[in-house]
1. Once you place label points 7 Å from the Cα toward the Cβ at THR50 and SER35, how far apart are they in nm?
2. Give the peptides 61-67, 5-11 in descending order of average Cβ contacts within 10 Å, highest first.
3. Between ASP69 and GLN83, what is the label-point separation in nm under the 7 Å Cα-to-beta-carbon projection?
Amino acid sequence: MRFPIRKRRQTPAVIVVALIDVLIVMLIFLLVTTSFKQQPALRLALPESTAAAKTGANEDVPLIVSVDDKGNIRFGQTERRSQPIN
């Protein structure tokens, strides 16, 4: 019985030079695309007001409710001007 002679296949080889070339091209592409200057999409000119009152100028005076040691409740703007609540 005669067996056919098999030819040996070469083991597949990875071409490192081609992979390095592809890596360098991708690196250059990444560097070029990320180095662009960021430009704002819209330029807005927001309005300014010089006639506006300062913060807190038109607010009401806060009301104070206080309870003393004896349990008396007082209502008023300051402690001296407060009125007792029955």
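1. It is 4.7 nm.
2. Highest-to-lowest ranking by the protection proxy: 61-67, 5-11.
3. Placing both labels 7 Å beyond Cα along the Cβ direction yields 2.7 nm.
Just so you know, all these numbers are worked out from the coordinates, no wet-lab data involved. Quick caveat: nothing in here was measured; it's all calculated off a predicted structure. Reconstructed Cβ throughout: ideal geometry from the backbone, glycine too, with neighbour counts over all protein chains shown.
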